[in-house]
Amino acid sequence: MLRLIGLPHVGRFPKVMVTRFDDRFELLFHGAEDSTCLHIDVRYLEDPGDAEATELRLLARLQELGYEVERGSPVPPEGGAGT
């Protein structure tokens with residue numbers, strides 16, 4: 001189970017987009033007038049070796065907490081294909 005603390009109030013920021021990077025997850029919370037962003041370093045997650053499964057659990061947990069979730073496109077590693 002993911003233990004999430006310090007999240008913005010769902011009433012003020014009801015939507016969140018989660019984007020996976022190599023070293024972190026970016027949570028972009030949207031409200032009617034404002035937005036805020038949180039970064040979660042993968043080192044603090046239960047299974048940093050399986051980023052996709054962790055991302056899906058994170059999305060599910062945020063939805064359980066009442067947020068309207070959206071999955072951002074994973075960002076390819078720097079220096080990856082195409083360079």
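Summary table below
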{"quantity": "Qualifying residue in the range 40-53 (condition: modelled with pLDDT of 90 or more and either of a type in the set (A, V, I, L, M, F, W, C) or surrounded by 17 or more Cβ atoms within 10 Å (Cβ to Cβ) (or both))", "calculated": "no"}
{"quantity": "Verdict on Phe25 being assigned to a strand (DSSP E or B), in contact with a helix residue (DSSP H, G or I) (Cβ under 8 Å, 6 or more places away or on another chain), of a type outside the set (Val, Ile, Thr) and at pLDDT 90 or above", "calculated": "yes"}
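The values are calculated or read from the model by the stated rules, or taken from the named source; none is laboratory data. All values reported here derive from a predicted model rather than from experimental measurement. Backbone-built Cβ (ideal geometry, glycine too); neighbour counts: all protein chains shown.
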